[in-house]
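Taking it in order: structure first as structure tokens, then the write-up.
Taken together, the values in this text are just the output of simple stated rules run on the coordinates, not laboratory data. Because the structure is a prediction, the values reported are computed rather than measured. Note: ideal-geometry Cβ built from the backbone for every residue, glycine included; neighbour counts use all protein chains shown.
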Amino acid sequence: DQIEKGGFEHFMLKEIYEQPKAITDTYRGRLNREEAIIKMSSVEDNMKKFLAADRIIIVACGTSWHAGLVAEYIFEDLARIPVEVEYASEFRYRNPIITEKDVVIAISQSGETADTLAAIKLAKSKGAFVFGVCNVVGSSIARETHTGAYTHAGPEIGVASTKAFTTQITVLSLIALRLARAKGTISSSDFRHHLLEFEMIPKKVEKALESDAHIKMIADIYKDSKNCLYLGRGYNFPVALEGALKLKEISYIHAEGYPAAEMKHGPIALIDENMPVVVIATKKGHYEKVVSNIQEIKSRKGKIIGIVTEGDVDVRELADHVIEVPETLESLSPLLTTIPLQLLSYHIAVLLGKNVDQPRNLAKSVTVE
Ligand code: G6P
């Protein structure tokens with residue numbers, strides 16, 4: 001066990017630290033910056049189906065569903081393909097409208113989640129083309145889908161998913177960029193810019209990991225909180241959901257993720273001096289609007305932990321704490337903003353003495369309904 005943890009105290013921490021390599025392994029051989037191409041055989045072979053699709057339906061559960069939500073922004077923004085993201089468990093029982101022109105993307109780390117598998121079977125029976133994004137090679141979902149692309153995250157042991165999430169976003173971003181290029185919805189210079197930024201992500205994840213000690217200190221301040229709110233907008237709204245899920249899963253602190261602007265329709269009523277609010281406020285992503293959301297929290301005495309771009313000034317003035325991540329394209333920012341949220345939940349859970357790798361009541365893969 002100790003050897004497998006590679007010197008880390010927990011699998012979760014090891015897996016958080018493996019992300020620069022896992023992301024690199026996932027895009028290696030698929031992204032070629034010199035030639036300015038993205039090549040994924042399963043996408044090339046089915047390009048006609050992707051290009052003819054009226055929409056893409058993404059089905060998944062848990063953290064994989066959050067990766068699907070990030071993908072919705074990327075596909076719509078870059079490739080201009082309408083996307084619907086569905087909880088597999090709801091989709092399968094809703095008598096959904098699926099046609100032969102639909103492309104369904106199923107996302108699953110384990111490739112064994114019962115609800116996702118059932119959703120795939122249903123979509124196939126209605127004639128849809130089903131593409132899988134799995135981590136476990138040869139898993140049930142990898143076999144049941146028509147084709148797919150693996151994330152190359154390596155084995156994920158910690159129940160709380162970390163590197164599976166960022167590598168899922170990596171694969172989905174590559175697909176979206178490839179389709180955008182094929183459709184001509186991205187200019188060649190923007191495409192090149194994306195590839196360049198993509199290649200810098202692993203180094204930037206490493207940089208984000210350097211805040212570990214600072215995050216541990218913040219964790220110590222808030223570990224006894226009863227509730228925590230996570231806010232983000234646009235590409236970083238799903239990251240807020242994922243941050244809240246991570247905290248719930250392993251520390252058992254009640255946490256909610258919300259789109260920052262939606263705060264005024266409910267969560268703002270909860271804000272007082274005992275409520276920590278984690279706000280993803282990176283530059284480019286509706287920054288000014290998020291800053292004004294932060295002002296609203298501050299005027300109600302909420303405690304603000306801002307996830308900001310390096311060198312940020314405005315949020316730093318308002319927030320109780322800031323955690324910096326390197327600058328990147330908005331579409332790639334979830335790969336960086338996720339990192340401090342993983343570390344924050346990890347440290348809080350460790351400080352509370354919880355079983356980080358095997359939290360109560362949860363399973364790594366849910367093979368029953
Ligand atoms: C369980 C795990 C989560 C995971 C979810 C979906 O709830 O604890 O970490 O996100 O299942 O699993 P999958 O293997 O389909 O991605």
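Ratio to report: Rg/Rh of the chain, with Cα atoms as the point set and Rh obtained by the Kirkwood method; give two decimals.
Rg divided by Rh gives 0.95.
Among Ile16, Ala60, Gly6, whose Cα projects farthest towards the positive end of the dipole of region 1-67, with charges put on the beta-carbon of Lys, Arg (+1) and Asp, Glu (-1)?
Farthest towards the positive end: Ala60.
In terms of modelled amide H atoms, which long-range or inter-chain residues lie less than 5 Å from the amide H of Ala106?
Here the answer is Val59, Phe131, Gly132, Val133, since their amide H atoms fall under 5 Å of that of Ala106.
Note down the magnitude of the dipole of region 177-254 about its Cα centre, charges +1 on Lys and Arg C-beta and -1 on Asp and Glu C-beta and zero elsewhere, to the nearest 20 debye.
Roughly 320 debye, rounded to the nearest 20.
In which sequence would Glu242, Glu76 go, from the one with the fewest C-beta neighbours within 10 Å to the one with the most?
So the residues, fewest neighbours to most, are Glu76, Glu242.
In the chain, what percentage of the DSSP-assigned beta bridges are antiparallel, given to the nearest 5?
Roughly 5 percent of the beta bridges in the chain run antiparallel, per DSSP.
Counting other C-beta atoms within 10 Å, and keeping those with at most 15, which DSSP coil chymotrypsin sites (Phe, Trp or Tyr not before Pro) do you find in region 142-200?
Nothing satisfies the criteria.
To test your reading of the geometry: what angle, between 0 and 90 degrees and rounded to tens, separates the Cα axis of helix 212-222 from the longest principal axis of the chain?
That works out to roughly 60 degrees.
How far, in degrees from 0 to 90, does helix 237-251 lean away from the longest principal axis of the Cα atoms of the chain, to the nearest 10?
With both axes taken from Cα atoms, the answer is about 70 degrees.
Pairs to check: Lys121/Lys248; Lys49/Lys124; Lys163/Lys364; Lys5/Lys223; Lys163/Lys303; Lys207/Lys354. Give those whose C-alpha atoms are more than 19 Å from each other in this structure.
Too far apart for the 19 Å limit: Lys121/Lys248; Lys5/Lys223; Lys163/Lys303; Lys207/Lys354.
What ranking do Tyr17, Tyr87 get, fewest neighbouring Cβ atoms within 10 angstrom at the top?
Tyr87, Tyr17
Which value in deg cm²/dmol, rounded to the nearest 500, describes the helix-derived mean residue ellipticity at 222 nm for the chain, given -39,500 (n - 2.57) per DSSP H run of n ≥ 4 and division by the residue count?
-13500 deg cm²/dmol
Just how far, in whole angstrom, is region 290-368 from region 3-17 if you go by their alpha carbon centroids?
Taking the Cα centre of each part, region 3-17 and region 290-368 sit 21 Å apart.
About the Cα centre, and with charges only on the beta carbon of Lys, Arg (+1) and Asp, Glu (-1), how big is the dipole of the chain? Nearest 20 debye, please.
Dipole about the Cα centre, nearest 20: 620 debye.
Run the reach check for Lys204 against aspartates and glutamates, Cα to Cα strictly under 15 Å, same-chain hits fewer than 8 apart removed. What comes back?
Glu18, Asp212, Glu310, Glu324, Glu327, Glu330
Run through region 115-156 and list the trypsin sites (Lys or Arg not before Pro) located in a DSSP loop whose Cβ has at most 14 other Cβ atoms within 10 Å.
Passing both the DSSP loop test and the Cβ count: Lys126.
Which GluC sites (Glu not before Pro) in region 304-358 sit in a loop by DSSP (not H, G, I, E or B) and have at most 15 other Cβ atoms within 10 Å of their own Cβ?
Filter output for region 304-358: Glu310.
In degrees, nearest 10, range 0 to 90: what is the angle between the Cα axis of helix 62-74 and the longest Cα principal axis of the chain?
The angle comes out at about 70 degrees.
Considering the dipole of region 1-122 built from charges on the beta carbon (Lys and Arg +1, Asp and Glu -1) around the Cα centre, which of Leu78, Ala119, Ser108 is farthest to its positive end?
It is Leu78, whose Cα lies furthest towards the positive end.
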